Amino acid sequence: MTVSEGPPEVPTPRKFAEGRPAVQGKFLFLGAEKFWVRGISYGTFYMDENRQERLAPETVERDFSQMAAHGFNVVRVYTAPPRWLLDAAWKHGLRVMIGLNWGEHMAFLDEPGRIEEIEGRIRTWIRSCAGHPAVFCYIIGNEIPASIVRWHGRRRVERFIERLYRIAKEEDPDALVTYVNYPSTEYLRLPFLDFFCFNVYLESRDSFEDYLSRLHSLSDDRPVLLTEIGLDSLRGGEERQATMLESQITGAFRRGCVGVVVFAWTDEWYHGKYRVEDWAFGLTTRDRTPKPALQAVSKAFAAGPFPPDLRWPKISVVVCTYNGASTIRDTLEALRDLDYPAFEVIVVNDGSTDETGQIASTYPYRVIDEENQGLSRARNTGIAAATGEIVAFIDDDAYPDPHWLRFLALSFMEDDYAAVGGPNLAPSNDGWRADAIANAPGGPNAVLISDRIAEHIPGCNMAFRKDALEAIGGFDPVFRAAGDDVDVCWRLRDRGGLIGYSPAAVVWHHRRKSIRKFWKQQVGYGRAEALLEHKWPARYNSIGQLSWRGRLYGRGVSLDFSAMHGRVYQGVWGTAPFQSLYESRNSRWSMALAPEWYLMIALLAGMFLLSLGWGASIVVGPILLVAIVLPIAQASISARRANFVAGTRKPWWSLLGLRVVVLVLDLLQPMARLRGRIRGGLTPWRRRGPPARPRYRRLEVTYCRDKREAPEETLRKLQAELSHAGAIARAGGEFDSWDLELSGGPLGRSRLLLAVEEHAPGKQFLRFRVSPKYSKSAVVLSAAFAALAISALWSGVWLSGLVSAIAAAFVVARALTDTGFSGGIMRDLLERFGAA
């Protein structure tokens, strides 16, 4: 920017504005207080031949004074400002979002010398502003057009934006740095940015708020700031502009955004040297006459983030603890600082043998001491003692954000949820081990079906309507240490309850601080999985894998080879207004991340030993090598994408060391889970279901009934009876030619097909066909061992040949007995069905 007249006298900065905002989890903080962005955009104004904005200091002074008077605290400019403008903003208590306009709308990566020119300009602009207290952040790019990103390729663009980010941090290390994206390039992945910025122009309230939930899902647990919202008052009318902006600001705060920048302060707007006459997004006219939107925006900012006229429900916060003396003080201190008008805290001391009870007794909370009976019974004790209509749970190794309860309550108030959860983030001061473990798999992650609906919420951050918990009998006491949260979510969903997810309802959750403790935790989780499988066998497949309907959300989610690619939905000729990146989930490569993969490695290692000394090792050896390399390669992908706390300030060798630790943890975690599963009885070779005389061959049964019933209802009853008997039964899918499948074990199952003939008057003739189905694993394993046996015997290696032959016979026998077991259960079920 250039100055049309000399700058005014430099004002003295106000003391209340000292310091720069910093990022903590999903929020911005200024010191110990949250910083809510109440922003307005300013410019662009007339640009001279050198592409410098011409501004009159007295006009800027008047504008900034009016902005401050109407409650704005941030002003967004689109070009690097002169120092005097920063001084003027500081004088009026405004902070400046500095846009660095380097020509994003051109094919900037193709022109020789262009990259160096851009980098040089970025450095010059930031140096002119570096260190000024009025600097809120630097914007290193704004809405690179989708066609330009398509031209260069998204990865090249992502790398270039990261280069500009590093340059900005070099020139002004303490400043926040971001990039402003928009829906047409939503697919850009920029996890290095300090916070997540988006320009969103959606006039429908529901579409707008749904898209905010989408942005939170994309934000990688960073703050979400809307850097432009607005409505053209020429086309929409001034009254509608006012109404929509007020609604959108309120909705943005309610959805957990850290603030909003409204576009724009004035209708005076230039595109280079040319004044724009055919739109009017300003809150004031060109001569600065206020429109109704100015007062509406001011009112919405003053009321946010939490409207004062809401009736907040009473919430009972329950902390269940067992030997939590090392961390519970953080929990209880933070609960005391909660900003919520109506809550109580209940501490259930589950027979602790350390100083937990004494610590809890020093706080003004209700403390209930009882004998050690496990986590679920402690939670039920808390529910019985709760007097609030909502019961929120937090662990003794976690502590809440000050507005945790407000965001939970807002979700309950606006939707008919039975439960609501939120993210749990790793504190930044727990050390490098905890930082590495936070990026390892197996953490307490939520499972999201959509951006707002969850399948599972972790126990360290979950809240329920008390009557919903009482209706299902509370928590199941069989879960003494883990798994209780998964079980209660499944039971609520089976009763038709909805589970919501509030990305702003944040708790800080201490991760384990040593690899030994991480191993012990994962073994415990494996045992909990075994308990869950025993209670919910139909939710697990034949080898013990749970298939979530939704996706895991948060840090530490294992990535496979499919995550290296991904398809961008661009529309025909790149015309889609909302362009998203779609990555496959549960791909065929993901099996290499499963605990049972290690059993397969052990099996291949045994086959390799049998093949030593003769030619078969040439075949088995490479297969074994691939089986070992696959999880290492996929762990490397996860480690490379790990996002460490303040990662940009760590030297490269420190980051490399952290990534190596994450890689090791990625490999250890499935081993620990496997150990816990096997100890708990969840083994791939298990069988589930009542005893039955085996049936090995196909079976056809017919029945006639006098009362007509829909075939789907009949199948539903059969599946329910099988599940009630403890068998693993699942319904056929949309493309399957069978109706029910009953697992007899890892190597065999039976499938049922129903045909119904309609006969008058009101009679039905039912035909059931039960067919044995051998797994592909059985075929491959038996063939492999048989081939080894024949080759070994042919080569004269009698011991290897005999052992391989026995292994092949065992696989065949097990496959037969698995299918016979499931076939017998099906036969007995149909006999009971016909007799009923």
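The slack between E713 and W685, meaning 0.36 nm per residue of separation minus the straight C-alpha distance, is 6.9 nm. Enumerate the residues in region 208-241 having an amide nitrogen under 20 Å from the point lying 7 Å beyond the Cα of R275 toward its Cβ. Hits in region 208-241 for R275 at 20 Å: 232-235. Only Cα pairs under 8 Å and 6+ residues apart enter the sum, and on that basis the relative contact order of the chain stands at 9 percent.
The alpha carbon centroids of region 432-461 and region 752-817 are separated by 39 Å. Overall shape of region 251-370 was characterised from the C-alpha gyration tensor. The equivalent ellipsoid obtained from it has semi-axes of 53, 15, 9 Å, in decreasing order. Using the Cβ-Cβ distance between R705 and R549 with R0 = 35 Å, the FRET efficiency computed as 1/(1 + (r/R0)^6) comes to roughly 0.55.
For region 672-727, trypsin sites (Lys or Arg not before Pro) meeting the loop criterion (DSSP other than H, G, I, E, B) and having at most 13 other Cβ atoms within 10 Å: R697, R698, K707, R708. Under conditions of 37 °C and 0.692 mPa s, region 364-465 yields 211 µm² s⁻¹ as its translational diffusion coefficient, taking Rh as the Kirkwood radius over Cα pairs in the Stokes-Einstein equation.
Per residue, the convex hull spanned by the Cα atoms of region 150-254 amounts to 131 cubic angstrom.
The Cα center of region 229-262 and the Cα center of region 37-114 differ in position by 21 Å. Over region 90-225, the reciprocal of the mean inverse Cα-Cα separation, the Kirkwood hydrodynamic radius, stands at 15.8 Å. Sorted from longest to shortest, the spans of the Cα atoms of region 431-588 along the three principal axes equal 57, 41, 37 Å.
Our note on the geometry: Cα centres of region 146-210 and region 477-501, 37 Å apart. Here the relative contact order of region 326-413, from alpha carbon pairs under 8 Å that lie six or more residues apart, stands at 45 percent. Run the helix sum for the chain: -39,500 (n - 2.57) per DSSP H stretch of 4+ residues, divided by residue count, reported at 222 nm to the nearest 500 deg cm²/dmol. Result for the chain: -13000 deg cm²/dmol, rounded to the nearest 500.
Near P21, once Lys and Arg are set to +1 and Asp and Glu to -1 for all other residues with Cβ below 12 Å from its Cβ, the sum equals -1.
Counting other Cβ atoms within 10 Å, keep those with at most 14, restrict to DSSP loop, and tell me which trypsin sites (Lys or Arg not before Pro) in region 377-469 are left.
Filter output for region 377-469: empty list.
Relative contact order, percent, of region 235-321 when contacts are C-alpha pairs under 8 Å separated by at least 6 residues? Before the final figure, lay out the partial values.
Values: 80 pairs, mean separation 30.1, N = 87.
That works out to 35 percent.
When the Cα atoms of region 203-277 are aligned to their principal axes, the ranges along those axes come out at 40, 28, 16 Å in descending order. Nearest 0.05, what FRET efficiency do L609 and K535 give at R0 = 22 Å with Cβ-Cβ as r? Working from the Cβ atoms, E equals 0.05.
I328 contributes about 0 Å² of solvent-accessible surface, heavy atoms of the protein only, 1.4 Å probe. Over the chain, the Kirkwood radius and the radius of gyration, each from Cα atoms, give a ratio Rg/Rh of 1.03.
Between F29 and H759, the FRET efficiency estimated from the beta carbon spacing at R0 = 56 angstrom works out to 0.15.
The values are calculated or read from the model by the stated rules, or taken from the named source; none is laboratory data. If you're wondering where the values come from, they're calculated on a predicted model, not measured in any experiment. Every residue, glycine as well, gets a Cβ built from its backbone with ideal geometry; the counts of neighbours run over all protein chains shown. Heavy atoms of the whole protein, side chains included, go into the accessibility calculation; ligands, DNA and RNA do not. Shrake-Rupley method; radii C 1.70, N 1.55, O 1.52, S 1.80 Å.
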